[in-house]
Amino acid sequence: MKLLLFFFLTPFLFFLKCSSTSNFSTQIASPSLILPLKTQQITSGFSAPNKLPFTHNVTLTVSLSVGTPPQNVTMVLDTGSELSWLHSNSTRIKQPIFNPNRSLSYRPVSCSEPTCTTRTQDFSIPASCDSKNFCHAVLSYADASSSEGNLAMDTFTIGGSNFTGTIFGSMDSCFSSDSDEDEKTTGLMGMNRGSLSFVSQMGFKKFSYCISSLDFSGILLFGESNFTWILPLNYTPLVEISLPLPYFDRVAYTIKLEGIKVSNKLLPIPESVFIPDHTGAGQTMVDSGTQFTFLLGPAYTALRSEFLNQTMRTLKVLEDQDFVFQGAMDLCYRVPVNQTWLPKLPSVSLVFRGAEITVSGERLLYRVPGEIRGKDSIHCFTFGNSELLAVEAYIIGHHHQQNVWVEYDLEKSRIGFAQVRCDIASQRFGFSR
């Protein structure tokens, strides 16, 4: 069974210092867009072309409309990607698409336009020209998923306001490494620091979210988050490099991981383990397009060993070397099916420069859907070994950002964290379950 976290775009506040028909690239947006986040459990869902090959995936999605007249679309929110894109292949039967032929405001981008020649410089595969002289893009991901099509412009409608000239990919060919998954979304909304990302085109200097646990509403906010009831944010600076390196994503939200604690015990991990090498491998990225958190081998081994040591008296380890959840999570436990609670678990803290995220309670173990051994269900540790997936990076997934107010401050190049009950925060804005 698959879980999806849905961002329903029913605006609570939406004020702009510009015409609602102005272009994203030229408008100046005020701090004023607050949207409710809701969680929903469904039997299956679309595995967006994530960086990691998830089978049982929790995906953050946004619902909005595109085109004239508007067509409703649902897009995976991904702070680890730049270009937003929509499925546009009309041969997708029973699966949602955006039909450009039905939109009067749709316009393809030619390969001679600056959008194609200069603003695609951060794409892993350079943009090219197709047979019609349109700007052609191929997006590829670490799990062998890919998406291919042309760059285009159209009107995106959010909260009743129209934003013309939004650049996105109109994709007619997509491949997912997991063919068993139903495709329930229309595409992906890129939110990284690249010039073509959705947030860059909107012109907002900040955006934040607060993700609740299942069945509660959360918040997505574009703009300022200066609310008196939010605890002071602890900021950590974004890491930037001037020279391109083969394994360093320069437009990702990269921060400096300095240590890991288990029950406030700082693990003896050398500082060099957290520093990217000369190729750029080893950066730490905050990524809403990834569910769990993945650490490079030495750090993961140290964390796994200490967590196992502190839980060996309260939990029964699954003794099955052939079972590795999602290909990277090899510490799992057996919990009686009829047991509705977990024993007290040691907290895990990720220590960054100037900030810290503490993961505790049920967020540390994930019940694997459909896995039963005798009378026991299987619960796996929600930290994995990224090297088992051939990913040379630390990735902080959204599961470990639950009940944390996360602010992306693009103007000051930093990310802020504060522990918040996201369900209570939602109620303050009139959002409920």
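The values are calculated or read from the model by the stated rules, or taken from the named source; none is laboratory data. Everything quoted here is computed from the prediction, not taken from an experiment. Positions of Cβ are generated from backbone atoms using ideal geometry, with glycine treated the same way; all protein chains shown enter the neighbour counts. Calculation scope for accessible area: heavy atoms of the full protein, side chains included, ligands and nucleic acids excluded. Shrake-Rupley method; radii C 1.70, N 1.55, O 1.52, S 1.80 Å.
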Under 20 Å from K132, Cα to Cα: aspartates and glutamates that are on another chain or at least 8 residues apart: E113, E148, D154, D172
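Assuming 0.36 nm per residue, please report the length gained on full extension of the stretch S124 to T279 beyond their Cα-Cα distance.
Details: separation 155, 0.36 × 155 = 55.80 nm, distance 1.54 nm.
Length difference between fully extended and current span is 54.3 nm.
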Cross-link candidates for K94: which aspartates and glutamates have Cα within less than 14 Å, leaving aside residues fewer than 8 places away along the same chain? E181, D182, E183
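Quote the FRET efficiency, to the nearest 0.05, computed for S140 versus Y247 with a Förster distance R0 of 22 Å and r equal to the Cβ-Cβ distance. Each step should come with its number before you reach the end.
Numbers: r = 15 Å, r/R0 = 0.67.
Efficiency, from the Cβ-Cβ distance: 0.90.
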Please report the orientation-averaged projected area of segment 78-146, defined via the convex hull of its C-alpha atoms, in nm². 6.2
Carbon and sulfur %, accessible surface of segment 300-352 computed with the full protein complex present, 1.4 Å: 48
Nearest-0.05 FRET efficiency for F429 and K94, computed from C-beta distance (R0 45 Å): 0.80
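Rounded to the nearest 20 debye, what is the charge dipole size of segment 251-307 about its Cα centre when +1 sits on each Lys and Arg Cβ and -1 on each Asp and Glu Cβ?
Values: 4 positive and 5 negative charges, 35 e Å.
Approximately 160 debye in magnitude.
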Grab every C-alpha pair in segment 198-303, bin the distances at 5 angstrom width from 0 up to the longest one, and report whole percents. 2, 9, 15, 18, 19, 16, 12, 7, 1
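Relative to the compact-globule scaling 2.2 N^0.38 Å, provide the ratio for the alpha-carbon radius of gyration of segment 345-418.
So segment 345-418 has a normalised radius of gyration of 1.37.
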Say R0 is 25 Å: what FRET efficiency, to the nearest 0.05, do D320 and W341 get from their beta-carbon distance? 0.55
Please tell me which of these pairs span more than 22 angstrom C-alpha to C-alpha: K265/K344; K256/K412; K316/K375; K205/K261; K206/K261; K316/K344? K205/K261; K206/K261
Between T117 and S272, what length comes free when the chain is fully extended (0.36 nm per residue of separation minus the Cα-Cα distance, one decimal in nm)? 52.0 nm
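List the chymotrypsin sites (Phe, Trp or Tyr not before Pro) within segment 307-336 that DSSP assigns to loop and that have no more than 16 neighbouring Cβ atoms inside 10 Å.
On the way: sites: F307, F323, F325, Y333; in loops: F323.
Listed in order of number, the matching sites are F323.
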